[in-house]
Protein chains: 2
Amino acid sequence: METVERLIRSTQELLWERGYVGTSPKAIQRAADAGQGSMYHHFTGKAELAKAAIERSGAELRAAAEEQLGGAGTASARISAYLGRERDVLKGCQVGRLAADPEVIADPDLRAPVAETFEWLRGRLAEVVAEGKRAGEYPDSLDPERTAATVAAVVQGGYVLARAAGSTEPFELAVQGLVDLMGAK
Amino acid sequence: METVERLIRSTQELLWERGYVGTSPKAIQRAADAGQGSMYHHFTGKAELAKAAIERSGAELRAAAEEQLGGAGTASARISAYLGRERDVLKGCQVGRLAADPEVIADPDLRAPVAETFEWLRGRLAEVVAEGKRAGEYPDSLDPERTAATVAAVVQGGYVLARAAGSTEPFELAVQGLVDLMGAK
DNA sequence: GTCTATAACCCGATAGAC
DNA sequence: GTCTATCGGGTTATAGAC
């Protein structure tokens, strides 16, 4: 694999685990097996490299969500598939994790790909909910935008509760509780 | 205010904003207006001080939640009051924020107060849901533990989405979506 | 109980050789 | 394109004076 690719992937992994504040250029170089000069030849610094890594992670999140949300079956089945798909729950969300980082949130260039990723996710979920309403799966009273935000929040919050507990159980409970609520009409 | 108190409160504030990894003893000393020697006289180091600060933040979260959850009114009204109470949404949750920090999660002494806080919250929410079931507000089919986890997750996930978006809107949508779902029977 | 001095190392970046 | 050297500053303490 080329150096640039190794740098981006190593940065993705470190941002996921330690955030922007907790990730040093030296750690990236070690993980990517690249020298100091090499990293600064390809990128102007930590921020530019992080931007590339966050954009990549956002694209990966969209692709993974689209696998379930764009699949076959009823709207309800696709949302349940999205909620229930295999996840490394204790590792958390590679994009959502960055919302906790003060320097990502403070820098418009770094926050933009995070914001866009969740905007896309909420919009895509809202589309599926709207389809479900048209198919008679959900009551007319259900608001697609609100429901979409709730679904995305349960996933992100489920990660938080699971990591806090050191167990995947709270994530699974939260998701199951939401599925119960969306099934009861 | 005494030095120890200033140190704990400054550490709470910095952990909230920057996490454990992003908070240095020097920054704490500056914020607390305490010298190096002073800090190390009262605490063995950063970890012990952080432990005291996290325990304090956990107690504050419990007290704030109990204000709504232990108030008057129906179960449904108390849960809505909890969800809708005034929050500094873009600042996030002072306890939930720590679930993102690798060193908090890796150190049992630091993770324990985070875990206990959310265990308490989920338990307390489950009690209120169970009361609501007995009062006929919620259907018999509703599982209190699952529902409690969903409520806690929507709040934590709402913070994540709001910080990502740079706007409180996603938080409000997610909460309203949950209230809608819990009202529809 | 608080001060200053010092330790050994890491931080993010730049310079210039190769 | 990658290397090593260097920069000025920060990190988490420890030591010992006051």
Solvent-accessible area per residue for the protein assembly as shown at a 1.4 Å probe radius, Å²? 42
Relative to the longest principal axis of the C-alpha atoms of chain A, give the angle of the C-alpha long axis of helix A:3-18, reported between 0 and 90° and rounded to the nearest 10°. 60
With Cα coordinates, the longest principal axis of chain B makes an angle with the long axis of helix B:144-165, in degrees rounded to 10, of 60
Treat each spin label as a single point 7 Å out from the Cα along the C-beta direction, and report the A:ARG134 to A:ASP107 distance in nm. 4.2
With all protein chains present, region B:1-92 has a carbon and sulfur share of its accessible area (1.4 Å probe) in percent of 49
Between chains A and B, what is the buried accessible area summed over both chains (1.4 Å probe, protein heavy atoms, nearest 100 Å²)? 3900
Degrees between helix A:75-84 axis and first principal axis of chain A (Cα, 0 to 90, nearest 10): 40
If you take each beta carbon of peptide B:99-111 and count the beta carbons of other chains within 10 angstrom, what is the mean? 4
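Provide the FRET efficiency to the nearest 0.05 for the B:ALA77-A:ASP88 pair, computing r from the beta carbons and using R0 = 56 Å.
0.90
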When the accessible area of region A:112-171 is split by element with a 1.4 Å probe, what percent falls to carbon and sulfur? 43
Which number gives the lysine pairs in the protein assembly as shown that have C-alpha atoms under 24 Å apart and are eight or more places apart or on different chains? 21
Which of the peptides A:53-59, A:74-80 is most tightly packed, and how do the rest follow, going by the mean number of other Cβ atoms within 10 Å of each residue? A:53-59, A:74-80
Which whole-number percentage describes the relative contact order of chain B, with Cα contacts under 8 Å and a sequence gap of 6 or more? 21
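The values are calculated or read from the model by the stated rules, or taken from the named source; none is laboratory data. On a predicted model such as this, the values are computed, not experimentally measured, just so you know. When we count neighbours, we look across all protein chains shown, and the Cβ atoms used for this are built from the backbone with ideal geometry, even at glycine. Each accessible area value is taken on the protein alone, full model and side chains, heavy atoms only, with ligands, DNA and RNA left out. Shrake-Rupley method; radii C 1.70, N 1.55, O 1.52, S 1.80 Å.
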